[in-house]
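Q: Here it is, the structure, as structure tokens.
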Amino acid sequence: MVLVSHSHRFIFMKTSKTAGTSVEMALEHACAPDGHVVAEKTPACISEQGIIGSRLSPIKLPRQPALVKGMWYNHKSAKEIRDDLGAERFAQYLKITTVRNPFDRCVSAFHWLRKPDAAKAKTFAELRQKFQEFILAEKWKTDKHNALINGEFIIDRTLRFESLKPDLAKLASDLNIAVNTNAMPHTKSTHKTRKDYAVADYYNQACIDVVRRRSDWVFEYCDYPDHP
């Protein structure tokens with residue numbers, strides 16, 4: 001999803017498995033007309049106040065890229081947002097996204113996208129093997145398209161998963177938006193299969209190398225350690 005607030009002059013770019021949905025729902029009221037009801041599942045909403053991209057609401061994208069222009073949908077890329085919003089307004093608005101330690105994020109993505117595999121694993125050794133196969137297949141999202149345009153990092157403000165409440169509270173204060181960080185929705189939880197296994201225990205060197213390479217932008221611009 002993507003959020004655009006004209007009154008508060010910000011754009012929220014959604015990344016995956018970084019508490020992006022929770023932040024979206026916390027900020028959504030700043031992009032909508034009076035009376036708008038925030039819900040996890042929502043169609044696109046375009047008004048004078050701003051834009052709310054569709055979330056968990058089915059949308060069929062045309063095969064021709066030119067026909068996608070003007071459609072506001074989940075995980076819309078930074079370039080598409082700029083092209084549809086206009087380069088001048090895009091440059092003027094504060095561009096925000098959520099980030100997370102890439103090693104931890106990949107473990108969370110595995111447990112979310114491969115729930116059956118995680119649930120069937122009888123031992124951690126089996127779970128670890130399935131995770132490493134998932135990483136080495138390299139089919140998981142990097143979110144690079146949400147943060148870079150033609151190789152340039154365009155984000156002005158990052159909210160870190162590891163310090164999400166204070167980061168969001170500071171952002172809300174700076175933008176003069178009312179946000180109750182203690183009442184944020186908690187969506188897409190993976191705790192049932194993930195349990196309390198240490199992140200580092202999932203990895204071997206080959207998987208570390210893949211995560212470093214594919215998530216290079218996060219390490220470069222967000223100052224996360226390059227080892228789990």
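Read the figures in this text as sums done on the coordinates, not as results from a lab. Remember, predicted model here, so these are calculated numbers, not experimental data. For neighbour counting, all protein chains shown are included, and Cβ atoms are generated from backbone atoms with ideal geometry for every residue, glycine included.
Q: How far is helix 124-137 tilted off the main Cα axis of the chain, in degrees rounded to 10, range 0 to 90?
A: For helix 124-137, the angle is close to 50 degrees.
Q: Rounded to a whole number of µm²/s, how large is the Stokes-Einstein D of the chain at 25 °C and 0.890 mPa s, given Rh as the Kirkwood radius over C-alpha pairs?
A: Answer from the Stokes-Einstein relation: 132 µm²/s.
Q: Mind checking the angle between helix 102-113 and the chain's longest principal axis? C-alpha axes, 0 to 90 degrees, to the nearest 10.
A: 90
Q: May I ask which of 120/195; 41/170; 76/165 have a Cα-Cα span longer than 21 Å here?
A: Distance filter (> 21 Å) returns 41/170; 76/165.
Q: Still on this model: As a check on your grasp of the helix formula, calculate [θ] at 222 nm for the chain: sum -39500 (n - 2.57) over DSSP H runs of n ≥ 4, divide by the residue count, round to the nearest 500.
A: -11000 deg cm²/dmol
Q: Report, ordered by chain and residue number, the aspartates and glutamates lying within cross-link reach of residue 141, taken as a straight Cα distance under 20 Å and ignoring same-chain residues fewer than 8 apart.
A: 24, 80, 104, 117, 133, 152, 162, 209, 216, 220, 223, 226
Q: If you place +1 on the Cβ of every Lys and Arg and -1 on the Cβ of every Asp and Glu, how big does the dipole about the Cα centre of the chain come out, in debye to the nearest 20?
A: 820
Q: Work out, step by step, the length gained on full extension between residue 174 and residue 87: first 0.36 nm times the residue separation, then minus their alpha carbon distance; give nm to one decimal.
A: 29.0 nm
Q: Within the stretch 122-141, what residues put their amide N at less than 16 Å from the label point 7 Å along the Cα-to-Cβ vector of residue 206?
A: 126-139
Q: Scan around residue 18 for amide H atoms under 5 Å from its own, H built in the peptide plane at 1.01 Å from N, and keep only partners 5 or more places away or cross-chain.
A: Hits under the 5 Å cutoff: none.
Q: How much of the DSSP beta bridge set in the chain is antiparallel, as a percent to the nearest 5?
A: The antiparallel proportion sits near 60 percent.
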